[in-house]
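Notes to accompany the following structure.
Since every read-out is calculated from the coordinates, none of them should be taken as a lab result. What you see is a predicted model; the values in this text were computed from it and never measured. Here the Cβ is made from the backbone with ideal geometry for all residues, glycine too, and neighbour counts use every protein chain on show.
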Amino acid sequence: MELIVEGLREAIRKIAALDPALSDATLRTLQVSGTATLVSLVIGVPAGVGLALSRFRGRTFVVALVNTGMGLPPVVVGLFVMILLWRSGPLGGLGLLYTPTAMIVAQSLIALPLVTGLSLAAVQTLPPRLHLQVRALGATPVQCARILAREAQLPILAALMAGFGAVVSEVGASLMVGGNIRGSTRVLTTATVLEAGKGNFAGAIALGIVLLALAYAINVVLTRLQQRSRP
Amino acid sequence: MGRRTLGSNGWIQGIQTLLAVVLALLTVGCGAGSDPDRAPIVLATTTSTQDSGLLDELIPQFGNRSGWMVKTIAVGSGKALALAERGEADLVLAHAEKAEREFMDRGGGTARWRLMYNDFILLGPPADPAGVREKKSVIEALRAIAGRGDPFVSRGDESGTHMLERSLWEQAGVNPGAGLIETGQGMGATLRIASERRAYTLADRGTYLAQKATLDLEVLHEGDPVLRNVYHVILVDPRRGPRVNSEGARVLARYLFSREAIDTIAAFGRERFGQPLFTPDPDPAVAQ
């Protein structure tokens, strides 16, 4: 119990002093997870909405694939991305392993099925006649998609928060493709693993507290966005 | 349906703001301190060198002095050598004698030089049911533990520590048997488990010292020559992979054996623990 109090004190102390290692890890967490969430938003929401509104052979299998993707273990994603990006891999020439870019790639792949699947479900919970109404009013398929997406904005924003939550808390893939290198690929989660591994529990708890505070702050913003649209 | 439907752009604007914020964030902290024309050097090393904090002193010193960028991947000797075998690393710093020799025999490296050593200690519950304290050698102690079937915690992860422990069991000619608890984790976690389970374990002195305050374990045996843990630096053979940075590896290796680095190693830990954690023992072929 005293460890948690000590951790809290250390967190406050380090934040107030703008501790360089902490600031570096926090900034990098925001950069990497923020970008990954954005990528999953840009690709995943249109994909999910499109999938919800489309009819094609094999659609059920694609949806099942997306749903399976939601439960994909992040460390497995990390392993595959590592093998793709390392020197002897097909994309080895890019020299991306152990860089923040590699972490963004891995985290995007983790968040993408989540955002896609939840956006898909969000649109599918809309009253079915709404789609007909909008089409009947003369909307093109694209206009239709945009309108329905706006209708489903509450659950879609929830999808975004879920995607962000999944990647900001992720550690297995980040360790594998990032390498937890000080000043270059260390984020709050991987730094926590390091401190705990060294036996520095107060330090690890401090990092955990900062991560929670960060995630909360971001979710406050997203939630306000989401709740603003309530009738 | 109200205001939230057709015509409300609120959340799209919100997303646009977030996009702008993220892009702004990305531009911060993108400065490098190193020469962009030089490929980074990948140093594959063990968790003990990382966890002790030694590399946190040595590597930035090297980076500032030379302008080379080093990516230190602390993964445990087994994985470090596996990565090197594929040419995914340029320099290896490990403490797994047998595995390193086999690696060199397979043509994995162009050179292997001794750098430093520390020692392992046998830890256990203060009650010491197997009477390890009275034993005259660590081999005798291990035989006593196995004989009674007392719990023994092992990392079980192909790390240098794990390999040394296995070789000691082999030398003793016994098996810990049913008392063996394999954690598959780093030294820190393994020590914690040993403390909770009142079990015996083998650990490097540095990690133990760092966690001593929170552990209920005592040093029951130390100083035995077989417990000496020697670290070697290995230059990865460029034939292992298409992108091995042998020039960088050589520069880093030269630095590790320099006067400055050796002095840093010799002094490391004295402030925090009252005793240095490592003893430099540079190979005469490269000592400077």
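Report the relative contact order of segment A:117-231, percent, no decimals, based on alpha-carbon pairs under 8 angstrom and at least 6 residues apart. It comes to 23 percent, rounded to a whole number. Relative contact order, percent, of segment B:86-179 when contacts are C-alpha pairs under 8 Å separated by at least 6 residues? So the answer I get is 28 percent. Taking 7 Å steps out from each Cα toward its Cβ at A:I15 and A:N219 produces label points 1.6 nm apart. Ordering A:A204, A:L3, A:G78 by the projection of their Cα atoms onto the charge dipole of chain A, which places +1 on the Cβ of Lys and Arg and -1 on the Cβ of Asp and Glu, puts A:G78 at the extreme positive end. The calculated FRET efficiency for the pair B:V286 and B:L180, based on their C-beta separation and a Förster distance of 41 Å, comes to about 0.55. Segment B:R259..B:R148, full-extension length gain: 35.1 nm, with 0.36 nm per residue of separation and the alpha-carbon distance subtracted. For a test of the definition: using alpha carbon positions, the gyration tensor, and the 1.5 limit on a/c, classify segment A:81-209 as rounded, prolate or oblate. Oblate, because a/c is 1.5 or more while a/b does not exceed b/c. Paramagnetic label reach from A:I43 (point 7 Å along Cα→Cβ; backbone nitrogen cut-off under 15 Å): within segment A:105-141, residues A:105-117. Angle of helix B:54-66 to the longest C-alpha principal axis of chain B, folded into 0 to 90 degrees and rounded to 10: 50°. Membrane-span-like helices in chain A (whole DSSP H runs, Cα extent of at least 18 Å along the helix axis, mean Kyte-Doolittle hydropathy of at least 1.0): A:20-53, A:100-124, A:153-168, A:201-227. Note on chain A: with a GNM built from Cα contacts shorter than 10 Å, the maximum mean-square fluctuation among A:G95, A:G69, A:G138 falls on A:G138. Comparing B:L191, B:L252, B:L83 in a Gaussian network model of chain B, where Cα atoms under 10 Å apart are tied by springs, the biggest mean-square fluctuation is seen for B:L83.
For B:S154, the residues whose amide H sits under 5 Å from its own are B:I181, B:E182, B:T183, ignoring neighbours fewer than 5 places away on the same chain, with H placed 1.01 Å from N. Seen from B:E218, the other residues with C-beta closer than 13 Å to its C-beta sum to a net charge of 0, counting Lys and Arg as +1 and Asp and Glu as -1. On full extension, the segment bounded by A:L3 and A:S54 gains 13.0 nm, given 0.36 nm per residue less the C-alpha separation.
Given +1 at the Cβ of Lys and Arg, -1 at the Cβ of Asp and Glu and no other charges, the dipole of segment A:23-185 around its Cα centre is 480 debye to the nearest 20.
Of the peptides A:76-89, B:84-97, the ranking by mean beta-carbon count within 10 Å, highest at the top, reads B:84-97, A:76-89.
For chain B, with a Gaussian network of springs between Cα atoms less than 10 Å apart, report the residue from B:N229, B:N64, B:N118 with the top mean-square fluctuation. Taking springs between Cα atoms under 10 Å, the residue moving most is B:N64. Compared with the dominant principal axis of the Cα atoms in chain B, helix B:138-148 is inclined by about 90°. Model label sites at B:D37 and A:L154, defined 7 Å from Cα along the beta-carbon direction, differ in position by 6.1 nm. Can you compute the label reach from B:S246? Point 7 Å from Cα along the Cβ direction, backbone N cut-off under 17 Å, restricted to segment B:105-125. What the label zone holds, given the 17 Å backbone N cut-off, is B:105-113. Between A:L94 and B:E196, the simple label model (points 7 Å from Cα in the Cβ direction) yields a spacing of 4.0 nm. With the alpha-carbon atoms of chain A aligned to their principal axes, the span from lowest to highest coordinate is 63, 48, 26 Å, starting with the largest. Summary value for chain A: 32 percent relative contact order, contacts being C-alpha pairs under 8 angstrom separated by 6+ residues.
In terms of its C-alpha gyration tensor, chain B comes out oblate, because a/c is 1.5 or above while a/b does not outweigh b/c.
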